[in-house]
Amino acid sequence: MRKIVFVTGNSGKFREIKAILEKRGIEVLQNTDGYPELQEDDLEPIAADGARLSCEKLGLSVMVDDSGLFIDALNGFPGPYSAFVEDHLGNPKVLKLMEDEENRRAYFKSVIGYCEPGKEPLTFTGIVEGNIGYEEKGKGGFGYDPIFLYGDRTFGEMGDEEKNKVSHRKRAVDKFVEWIDSNL
Ligand code: IMP
């Protein structure tokens, strides 16, 4: 079985990626060491740099996932600061910021960074479009899932199995797997 080390402290991300890749015969091991994140507006350079640093440190093939929620009416906020905003403000305050906004459009983006020792890092991007709800709904998933409407239900209401069929992370993983299948 192929093995990939996934460097992340986020158990929600790990659970989702492990479930998706295991179905493709790839074993995913979690490493929670973390890595210093670049300050950038785009997720791609952050993921590439994280994968390169972790790969150099561990001497193994590694993947990272940098992801975030981009809200139209807030000009893409919280974007690359999604984890910080979630930890310090949380969903109720994000909903408050959106109180008077009619434009509820938003998207989740996930960028997988992958690096093998001695090679340049690669990135694989997935996006899912939806809307910000008016209240938190559902107890599934993690982070902004209870306020992200995909169709008429939130990711929080869908549960992992259903979310994993359409999520930004699934779409990024699909591209990654396609690359693995033709290159490894
Ligand atoms: P990162 O660790 O810098 O990639 O932070 C990503 C943050 O974006 C997470 O901590 C969540 O707040 C948010 N996020 C990313 N993906 C998801 C998702 O699938 N559901 C809910 N929130 C997410």
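The values are calculated or read from the model by the stated rules, or taken from the named source; none is laboratory data. On a predicted model such as this, the values are computed, not experimentally measured, just so you know. Heads up, the Cβs are rebuilt from the backbone with ideal geometry, glycines too, and the neighbour counts pull from every protein chain shown. Each accessible area value is taken on the protein alone, full model and side chains, heavy atoms only, with ligands, DNA and RNA left out. Shrake-Rupley method; radii C 1.70, N 1.55, O 1.52, S 1.80 Å.
Overview of values
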| read-out | value |
| --- | --- |
| Stretch in the chain that is longest and holds no trypsin sites (Lys or Arg not before Pro) that DSSP places in a loop and that have at most 13 other beta carbons within 10 Å | 25-118 |
| Shape call, the chain: gyration tensor on alpha carbons, a/c limit 1.5 | prolate |
| Fraction of accessible area attributable to carbon and sulfur, the chain (%, probe 1.4 Å) | 47 percent |
| Karplus-derived HN-Hα couplings along the range 39-51 (A = 6.51, B = -1.76, C = 1.60, θ = phi - 60°), whole Hz, x at Gly and Pro | 9, 9, 7, 9, 7, 4, x, 5, 5, 5, 5, x, 5 |
| Sparsely packed chymotrypsin sites (Phe, Trp or Tyr not before Pro) within the range 62-140, loop by DSSP, other Cβ within 10 Å at most 16 | Tyr134 |
| Over the chain: helical MRE at 222 nm, DSSP H runs n ≥ 4 each giving -39500 (n - 2.57), nearest 500 | -11000 deg cm²/dmol |
| Sequence-separation-based contact order of the chain, relative, with Cα cut under 8 Å and 6+ spacing, percent | 19 percent |
| Å² per residue, accessible surface of the chain at 1.4 Å | 51 Å² |
| Rounded to whole Hz, the Karplus (6.51, -1.76, 1.60) HN-Hα couplings of the range 93-105, x for glycine and proline | 6, 5, 5, 5, 4, 8, 3, 9, 8, 7, 6, 9, 5 |
| Extreme residue, positive dipole direction of the chain, given options Met98, Ser182, His168 (C-beta unit charges) | Ser182 |
| Within the range 2-183, percent of DSSP bridges classed antiparallel, to nearest 5 | 75 percent |
| The range 2-183, dipole about Cα centre (Lys/Arg Cβ +1, Asp/Glu Cβ -1), debye to the nearest 20 | 660 debye |
